[in-house]
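Notes follow once the structure below has been shown.
The values are calculated or read from the model by the stated rules, or taken from the named source; none is laboratory data. Model, not experiment: these values are computed from the prediction. Cβ coordinates were reconstructed from backbone atoms using ideal geometry, including for glycine residues, and neighbour counts include every protein chain displayed.
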Amino acid sequence: MDSMAAHLPAVRRGEAAYQALRRQRRLTGLTGFAILAAAFLGAAWMSEFYPSSLAAGLPRIGEYFHRILPTLHWSTLFAGVEAEGSLAFWFYRLDSWLLLLLQTAQMAALATLGGAAVALLLAFPAARNLAPSRWLHHLTRRGLEATRTVPEIVSALIFVWAFGVGPLAGILAIGLHTAGALGKLFSEVMENAPMQAWDGLRASGANWAQACRYAILPQVAPNLLSYALLRFEINLRSATVIGFVGAGGIGQELYQVIAFNYYEEISAIVVLVILAVMLIDLLSEKLRHRLTHAAGAR
Amino acid sequence: MSLSPAAVAAWRSREPRAFGATASRRALRWLGGAAFLAWLAWSFWLFDITPARLWNGAAGLLTILRLMIPPNPGELWADILKGMAESVAMAFLGSLIASLLAVPLGFLGARNIVTATLLRFSLRRLFDGMRGVDQLVWALAYVRAVGLGPLAGVLAIVSSDIAVLSKLYAEAIENAETRPGEGVAAAGGSRLQAIRFGILPQVLPVMLAQALYFFESNTRSAAILGVVGAGGIGLQIAERIKVRHWDEVAFIIILMVVTVGAIDLLSGAIRRRLIGRRETAPL
């Protein structure tokens, strides 16, 4: 039966087409794999990712992370600061770290506030449906793009030169990036807003600023707030590392304990940062949910 | 026709909110505004933000911006190009290794594959913790562990990506259709074969798309890892900022932006070729 069917011309043609397709697929697969392998070898050569350096590095990585882990003993876990192996001994500078964390959160809040304020002002001309003129629309768009393409750490490095070492440089660097990122999101929200209220206000003689304030802003405010809160979460993460280049916050302290190899303090600070970030995320998520519910109820 | 004062008063008592905010609400608003202003003033005082400082800084920034024009690659332009290539290589290698390692870890973290709850739970919590550590922190730690250079950068990218990618892969596997795997098992296939032929073909496009997205985002982050000594263009830019060669700094920033844009285009083209225009949203 099978041998008879195999002699039919249609079956033979189908079989040949199937084999050709298989060959072609195998060829594309092999070419793709060869390209990937070549790119891997090139990248490994470029970034000095040699087997020898990896073999030499891996034990040191294990040792390093082992040293970072705190030595805790069950018997003295909840004992005082003097007892080695207790939690209090691990977090022996908890008060100053908490203060630094608070400072970091403040930096993130100020940067978000300032960035969101600038973004709000620029979003109206950047929105296609609201822009008073085409060139103003393009100008603000390109300006926002320019601020958001420069990485925060790079602008922080530059601002440390201009404004001096300290939190101000970090706040401005994060704020600049925030203005660019939020300005884009804000203008997109505004572009999606229904235009009836705007048309009505403009027809009854409101000027551009009044129409923006009374027709568009009330419609988009909950959305904008929710984006700003989301950005606050992102900025808190950035604020914890912006101190690496001398721009304030807990990052400066973390940089020092890593640079001076204070092993257990590294893990203590990292744990604190993770906890703080998680706490803020939770709070902000709750707030955002309430905001979107409020927006949905109307 | 106008309402008598008595009627207005009656309406006011019936619908107080139609006549504007109530006194208590207005007081609350004032209090909130005052508290906000107090917080603002306190934080300005805390960070020593004064108009004079802002003004001087802005003047300094303007000088820097003026020195940035025209951008100039400078004498050591070969180093700059090598640094940029190094950054892209770091990003590629880091994404590739992380996405390969994340495949088995993703399967281990998926609820429908691994039924040992304790193992899965502890694996996921470990990833949660790793995800909370910023890439720059990883980079700094690896620089202390294996020394300056791009190796530390690659390891930092792998460490911070592996946690997120494993979680995304595990979620993709959990969302996969179970019927193909059941079919393979019913036809006599082993458990491993059911995973290979029933689940892997479904999740592979998602995994590929995520890996490409991570390559894009890693190109951005690999460009700055050098600031803490982990190789790449970041080292070049940090050095030039230190010696205030602002025209070269501007050139490097432009080079970074162009390279990131080119990688985005390339990765987008590959993604469309491999998996079509399917909707796979990034995080």
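If only residues of region A:54-87 that are within 7 Å of chain B (Cβ to nearest Cβ) and surrounded by 15 or more Cβ atoms within 10 Å (Cβ to Cβ) are counted, the one that is farthest from A:Glu265 (Cα to Cα) is A:Gly57.
Checking B:Arg111, B:Arg125, B:Arg120 one by one, the residue that is of a type outside the set (Ser, Thr, Tyr), within 14 Å of chain A (Cβ to nearest Cβ) and surrounded by fewer than 21 Cβ atoms within 10 Å (Cβ to Cβ) is B:Arg125 and no other.
Kindly check whether there is at least one residue in region B:18-34 that is surrounded by 11 or more Cβ atoms within 10 Å (Cβ to Cβ) and within 9 Å of chain A (Cβ to nearest Cβ). Scanning region B:18-34 turns up no residue that is surrounded by 11 or more Cβ atoms within 10 Å (Cβ to Cβ) and within 9 Å of chain A (Cβ to nearest Cβ).
When A:Leu225, A:Leu229 are screened for being assigned to a helix (DSSP H, G or I), surrounded by fewer than 18 Cβ atoms within 10 Å (Cβ to Cβ) and touching a residue at least 60 places away in the same chain (Cβ under 8 Å), only A:Leu225 passes. Looking only at residues of region B:128-141 that are at the interface with chain A (Cβ under 7 Å from one of its Cβ atoms) and in contact (Cβ under 8 Å) with a residue 60 or more places away in the chain, we find that the one that is nearest to A:Tyr263 (Cα to Cα) is B:Leu140. Assess whether B:Leu168 counts as being surrounded by fewer than 18 Cβ atoms within 10 Å (Cβ to Cβ) and among the aliphatic types (A, V, I, L, M). For B:Leu168, the condition - surrounded by fewer than 18 Cβ atoms within 10 Å (Cβ to Cβ) and among the aliphatic types (A, V, I, L, M) - is not met. Every test in (1) farther than 30 Å from A:Ala39 by Cα; (2) part of a helix (DSSP H, G or I); (3) within 14 Å of chain A (Cβ to nearest Cβ) is passed by B:Phe92 save one, and that test is (1).
Residues in region B:235-254 that are more than 8 Å from chain A (Cβ to nearest Cβ) and part of a helix (DSSP H, G or I): B:Leu235, B:Gln236, B:Glu239, B:Arg240, B:Lys242, B:Trp246, B:Asp247, B:Glu248, B:Ala250, B:Phe251, B:Ile252, B:Ile254. Of the helices (runs of 4 or more DSSP H) lying entirely inside region A:150-217, those containing at least 1 residues that are among the charged types (D, E, K, R) are A:152-163, A:167-191, A:196-203. Would a scan of region B:174-185 turn up a residue that is in contact (Cβ under 8 Å) with a residue 24 or more places away in the chain, away from chain A (no Cβ under 14 Å), in contact with an Asp or Glu (Cβ under 8 Å, 6 or more places away or on another chain) and not aliphatic (A, V, I, L, M)? No: region B:174-185 contains no residue that is in contact (Cβ under 8 Å) with a residue 24 or more places away in the chain, away from chain A (no Cβ under 14 Å), in contact with an Asp or Glu (Cβ under 8 Å, 6 or more places away or on another chain) and not aliphatic (A, V, I, L, M). Is at least one residue of region B:53-64 in a helix (DSSP H, G or I), in contact (Cβ under 8 Å) with a residue 12 or more places away in the chain and on the phi < 0 side of the Ramachandran plot? For region B:53-64, residues in a helix (DSSP H, G or I), in contact (Cβ under 8 Å) with a residue 12 or more places away in the chain and on the phi < 0 side of the Ramachandran plot: present. The number of residues in region A:126-146 that are surrounded by fewer than 21 Cβ atoms within 10 Å (Cβ to Cβ) and assigned to a helix (DSSP H, G or I) comes to 12. Applying the set (1) over 14 Å from B:Val88 (Cβ atoms); (2) crowded, with 22+ Cβ neighbours inside 10 Å; (3) within 11 Å of chain A (Cβ to nearest Cβ) to B:Leu225 leaves exactly one unmet item: (1). Screening A:Ala239 against (1) within 14 Å of another protein chain (Cβ to nearest Cβ); (2) of a type in the set (Gly, Ala, Ser); (3) over 22 Å from A:Asp95 (Cβ atoms) leaves a single unmet condition, (3).
Going through (1) more than 18 Å from A:Ser267 (Cα to Cα); (2) surrounded by 15 or more Cβ atoms within 10 Å (Cβ to Cβ); (3) in contact with a Phe, Trp or Tyr (Cβ under 9 Å, 6 or more places away or on another chain); (4) not aliphatic (A, V, I, L, M) one by one, A:Gly115 falls short only on (3). Against the definition (under 17 Å from B:Ala58 (Cβ atoms), surrounded by 23 or more Cβ atoms within 10 Å (Cβ to Cβ) and touching a Ser or Thr at 6+ places or on another chain (Cβ under 9 Å)), how does A:Ala162 come out, yes or no? No, not satisfied. One residue stands out in region B:1-54 among those that are farther than 24 Å from A:Thr112 by Cβ and among the β-branched types (Val, Ile, Thr): the one that is modelled with the highest pLDDT, namely B:Val8.
Output yes when any residue across region B:70-89 is surrounded by fewer than 19 Cβ atoms within 10 Å (Cβ to Cβ), aliphatic (A, V, I, L, M) and over 22 Å from B:Val227 (Cβ atoms), and no when none is. There is no residue in region B:70-89 that is surrounded by fewer than 19 Cβ atoms within 10 Å (Cβ to Cβ), aliphatic (A, V, I, L, M) and over 22 Å from B:Val227 (Cβ atoms).
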